[in-house]
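What follows is calculated from the coordinates using simple rules that are stated; it is not laboratory data. The structure displayed is predicted, hence computed values, not measured ones. Reconstructed Cβ throughout: ideal geometry from the backbone, glycine too, with neighbour counts over all protein chains shown.
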Amino acid sequence: MSNQSFLEILTRQLLSDPALSLSEMTIVLPNKRAKIFLLESFKSNLDRFTFAPEIISIEDFIQEIAQVRSIDSIELLFEFYDLYLSVTPKEKQQSFELFSNWAKTLLQDFNEIDRYLLKPGHVFSYLQDIEVIKRWGITMEDRTTLIDNYLEFWKLLPLYYENLYSHLKNKGIGYQGLIYREAVSKLDEFSASMPKKRFVFAGFNALNQAEEKIIQYLISVDKASVYWDADAAFLNDPSHDTGLFLRRFKSSWPHYKAHPFEWIVNDFSAEKNIRVIGTAKSIGQAKIAASLIEDLISDASFSSLDKVAIVLGDENMLIPVLHSLPQSVGSLNITMGYSSKNNPIQVLIAKLFKMHANALNRSESSYVFYYKDILDVLTNPIVESYVFASGLVETIKKNNYTFITHQKVLSLQERQNDLFRLIFQKWHRKPIEILESISEILLMVKANLNSDSEDDKVVKTFLYSIYKVINKLITYCSKNEHVDSVQTLQAIYKQVIDVAEVSFEGEPLSGLQIMGVLESRVLDFETVIITSLNEGKFPAGKTVNSFIPYDVKRELGLPTYKEKDAIYTYHFYHLLQRAKNIFLLYNTESEGLDGGEKSRFITQLEVEKQPKHTLTHTIIQPTVPTIAYEPMSISKSEAVVSRLKEIATGKGFSPSALTSYVRNPVQFYFQRVLSIRESEEVEENIALNTLGTIIHETLEELYKPVIGKFLSVADLDNMLLVADEEVLKQFKEIYKEGEVKKGKNLLAFEVAKRNVFNFLNEEKKNIENGDAVQVLALEVDLEENIDDSRLPYAVKIAGKVDRIEIRNGKIRIIDYKTGKVDKNSVQLKEWDGLTLEIKNDKIIQLLCYAFMFGKEAGEREMEAGIISFKNMKGGFLPFAVKEGKETFTAINPGILELFKTEIILLITEILDPGIPFEEKLQ
């Protein structure tokens, strides 16, 4: 027995019984997936043609008995809402959004009550009594409306249940619990209608009350037999949860008082190689699972992947695993439910809803999009390559559009195809028309997919799942009038997407199997890789979504987390039961969303280790080098040397380029040599450099009319009058279409106005105190060639200085800084090593400006300094040489010669082919 799978054992047992006719047999299994495997087993063991037995899942079988059509959770929610509106007074009715928050939980409780054949009236009166007792001490005067409404809710539960039950039953539809309850009531009728039928129940573990009653009834009338898959190691251990349900059945079913319990096997204690592997995060597990598959494929003794399964303890692992698998896998079969929340098509539709709902909410009259909503939709990988909107995206970023009207979006997009027009079609329409537009978008996306691409095949599965949901919503909206706005439609969409699943199905008989935990029932594999073996993932946590308290569930016989844990335990150990090579992967990181301690199942395997099990535990962490980060070093190739010469003799090195090299040579290489710039992004909030540019440009415009003349108090008064207007003008020039009337940008706008106002006031005060100021130039381009024997060739230094003036007979070169600068930043103590320290960056800049203006200044006394808008009290901060306690601010030819020597050393290093660009770690 031990070398055969459960389905092979079952097949041989059924074929060996001459009294059984396959054509009159119905085999009932826990799930649909096992049907194909069982049929294949029959084909392998039959030596003649014959009619195959009917093979059916337990849910379909019970539905057949009840003769009630099963409805999905979305349709059920809608049916319940219709009924809720019909039985609830109008003044107490809730919107669908509020209703669905509690209705989904209540429907789960209705389902459990019916599956366990409890008397609904008894359960609801019990719950109501508990709530009343909880508030026993509250006097009538102290009872709030909230408490009254709460108690009213519990009083209404029987009404909701009875009306929903009869409403669904009359329509011939129902949820699982209703179908199960109806099936139990029709057992006699069903049995009499099939006199020759024989039912075989195989591979079950946990059964609800209705299932137990149905199976026991068919056994009692000699129409059924049951084959369990119970391992002695678990069945005989009273504390092992794997055998919890089977022990109950064995001891409580009357049938087993006189008949043997079939079957009890000894497969788990056989030889097994179990490897427990811990690694960081989900992606680490995906990579390890992929490498294990690659190792199997490359093993010469390994025949095929047909008996290999990757079982995902967390469905969110699916996409990382698919992307990690090697190309050599070939045939691959995915059978699992995948939450629609993580469906990439759903993400696109949710963003579409958000974009249009926000546009409608922003203003009743206009249709204004938020730029992030537009970018989220247009840059979504599902549609990005089909809407041809890269130009629109760049325009939005370049012009700082924060809020864009519908008309503006259309005018900015020159090339408009059908998909683009549908995406941006206004939603001032009926919900059903909006859904039809979304349906069209999905069909267009489908038409653009490549049917030969494996990735696109997966996308098609995702797309089909959402397409079905949208079509169901269309059907619902056509029948109901209470979906009357985009907001309601969005709320309904959010609710239904929570309960919709993506079903992956394929040919399961060949290739690697990727499945969820529930899909592994009844199936056996030789090699099993199980992921996400962490508490809260596998087994799942103790979260119970129910209105029925734990102690009440215990008393009424409803399942609690104890039973849920036992189900997970059975699934886990059944995967291991006949496997020979087992790999158990878990996340070693306890923090984060996918964190959690190692699963108790791993600990249980270690504590209760079987004699024939080889169990090893490995921690695999990403390789961390002995040096966490090696500074980058870029050698100067001939092309780089040539490019440096082109810069040096062409446009020249700017003061900021030289200080960039001092700060980080690699940054200099990327920005100045390779001309790599940061990508354009929308500045939703004004960046500091943008604010600085606005202030610089404002001052330039204000001072332009007085260039060449001596400033007067009247000139400054005139500037103060128009300063605010000029700041606004520059904002619009530089910040383009960015919003400046609200939020952080309004604060930045006020800061800019205040900085300009303070600057002009300070200037006015100086003139009133007797300063004679003549502005020579603003934003002037300067350059100077250094032709020196220490350099390989003549090198140009070029840059733009903010302002040059003559103040009280001295030439003054001024650099504006919007950040805070103090006088220590521009004072020099030692010339040696000037260009080695980044703290000297402002000194290097100022001396570069002075050096470039030196010839024009001639013999006149010259100063160069900074005006810091965040240190306006400091006034003009001149470059100064500090000798002892004295400081000298005058820049004379001697100072410029000393600076020239230092700057030549820096430029020589930049141009030297033998000195690489070495990264400086900050």
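Per residue, the average separation of C-alpha pairs within less than 8 Å and at least 6 apart gives the range 713-811 a relative contact order of 24 percent. Extension gain for the segment Ser546 to Arg754, taken as residue separation times 0.36 nm less the Cα-Cα distance, is 69.0 nm to one decimal. For the chain, the longest principal axis of the C-alpha atoms and the axis of helix 841-857 are separated by about 30°. Diagonalising the gyration tensor over the Cα atoms of the range 684-771 and scaling each eigenvalue by 5 before taking the square root yields semi-axes of 27, 12, 10 Å, largest first. The calculated FRET efficiency for the pair Lys479 and Ser95, based on their C-beta separation and a Förster distance of 22 Å, comes to about 0.75.
At 0.36 nm per residue, and after removing the present C-alpha to C-alpha distance, how many nm does the segment from Met632 to Glu414 gain when stretched out fully?
On the way: separation 218, 0.36 × 218 = 78.48 nm, distance 4.34 nm.
This chain segment gains 74.1 nm when fully extended.
For the range 381-527, what percent of Cα pairs sit more than 22 Å apart?
Values: 6170 of 10731 pairs.
Beyond 22 Å sits 57 percent of the P(r) for the range 381-527.
Once you reduce the range 348-385 and the range 392-416 to the center of their Cα atoms, the two points are 12 Å from each other.
If you place +1 on the Cβ of every Lys and Arg, -1 on the Cβ of every Asp and Glu, and leave all else neutral, what size is the dipole of the chain about its Cα centre, to the nearest 20 Debye? The partial results should precede the final answer.
Numbers: 107 positive and 128 negative charges, 229 e Å.
For this selection, approximately 1100 debye.
First measure r as the distance between the Cβ atoms of Glu294 and Ala447, then evaluate 1/(1 + (r/R0)^6) with R0 = 30 Å and state the FRET efficiency to the nearest 0.05. After rounding, the FRET efficiency stands at 0.25.
The stretch between Asn689 and Leu921, if pulled fully straight at 0.36 nm per residue, gains 81.2 nm over its current Cα-Cα span.
Tell me the relative contact order for the range 342-504 as a rounded percent, counting alpha carbon contacts under 8 Å between residues six or more apart.
With pairs under 8 Å counted, the relative contact order is 24 percent.
Phi-derived couplings, Karplus 6.51 cos²θ - 1.76 cosθ + 1.60 at θ = phi - 60°, listed residue by residue for the range 226-239: 10, 10, 8, 10, 10, 8, 4, 4, 9, 5, 8, 9, x, 9 Hz, with x used for Gly and Pro. The Rg/Rh ratio of the chain, with Rg taken over Cα atoms and Rh as the Kirkwood radius over Cα pairs, comes to 1.11.
Does the range 72-173 come out rounded, prolate or oblate, given a ≥ b ≥ c as the square roots of the eigenvalues of its C-alpha gyration tensor, rounded meaning a/c under 1.5 and, failing that, prolate meaning a/b above b/c?
On the way: a/c = 2.37, a/b = 1.46, b/c = 1.62.
Oblate is the answer for the range 72-173, as a/c is 1.5 or above yet b/c matches or exceeds a/b.
If you plug each phi of the range 787-802 into the Karplus form 6.51 cos²θ - 1.76 cosθ + 1.60 with θ = phi - 60°, what whole-Hz ³J(HN,Hα) values come out, in order, with x for Gly and Pro? Karplus-based 3J(HN,Hα) across the range 787-802 equals 10, 9, 5, 6, 9, x, 7, 5, 10, 9, 10, 9, x, 10, 9, 5 Hz.
Over the range 539-673, consider all pairs of different Cα atoms and compute the Kirkwood hydrodynamic radius from their mean reciprocal separation; express it in Å, one decimal.
Working: mean 1/r = 0.0452 Å⁻¹.
Result for the range 539-673 stands at 22.1 Å.
Here Tyr464 and Glu646 are evaluated by their C-beta separation; at R0 = 56 Å the FRET efficiency comes out at 0.50.
Pairs of Cα atoms under 8 Å, at least six residues apart: use those to get the relative contact order of the range 398-493, whole percent.
On the way: 41 pairs, mean separation 29.7, N = 96.
In percent, rounded to a whole number, it is 31.
Our coupling estimate for the range 292-309, obtained by passing each phi through the Karplus curve with A = 6.51, B = -1.76, C = 1.60 and θ = phi - 60°, is 5, 5, 4, 4, 5, 4, 7, 6, 4, 7, 8, 8, 7, 8, 4, 10, 10, 9 Hz, Gly and Pro reported as x. Reducing the range 1-53 and the range 786-811 to their Cα centroids gives an inter-centroid distance of 93 Å.
Based on the mean of other beta carbon atoms within 10 Å per residue, what is the order of 654-660, 854-860, 776-782, 864-870, most packed first?
On the way: 654-660: 20.4, 854-860: 12.4, 776-782: 16.4, 864-870: 22.0.
Result, highest mean first: 864-870, 654-660, 776-782, 854-860.
The range 314-344 and the range 457-474 have Cα centres lying 17 Å from one another.
Ranking Ala34, Gly516, Val722 by Cα position along the charge dipole of the chain, where only Lys, Arg, Asp and Glu carry charges on their C-beta atoms, puts Ala34 farthest toward the positive end.
If you take every DSSP beta bridge fully contained in the chain, what fraction is antiparallel? Give it as a percent rounded to 5. Mind dumping the intermediate values first?
Values: 35 of 94 bridges.
About 35 percent, rounded to the nearest 5.
When each of the peptides 224-234, 788-798 is scored by how many other beta carbons lie within 10 Å of its residues on average, the order from highest to lowest is 224-234, 788-798.
Taking the Cα centre of the range 684-771 as origin and charging only Cβ (+1 Lys, Arg; -1 Asp, Glu), how large is the dipole, in debye to the nearest 20?
Values: 12 positive and 17 negative charges, 45 e Å.
With only Lys, Arg, Asp and Glu charged at Cβ, the dipole is about 220 debye.
Most tightly packed first, judged by the mean number of other beta-carbon atoms within 10 Å of their residues, the peptides 600-609, 276-285 read 276-285, 600-609.
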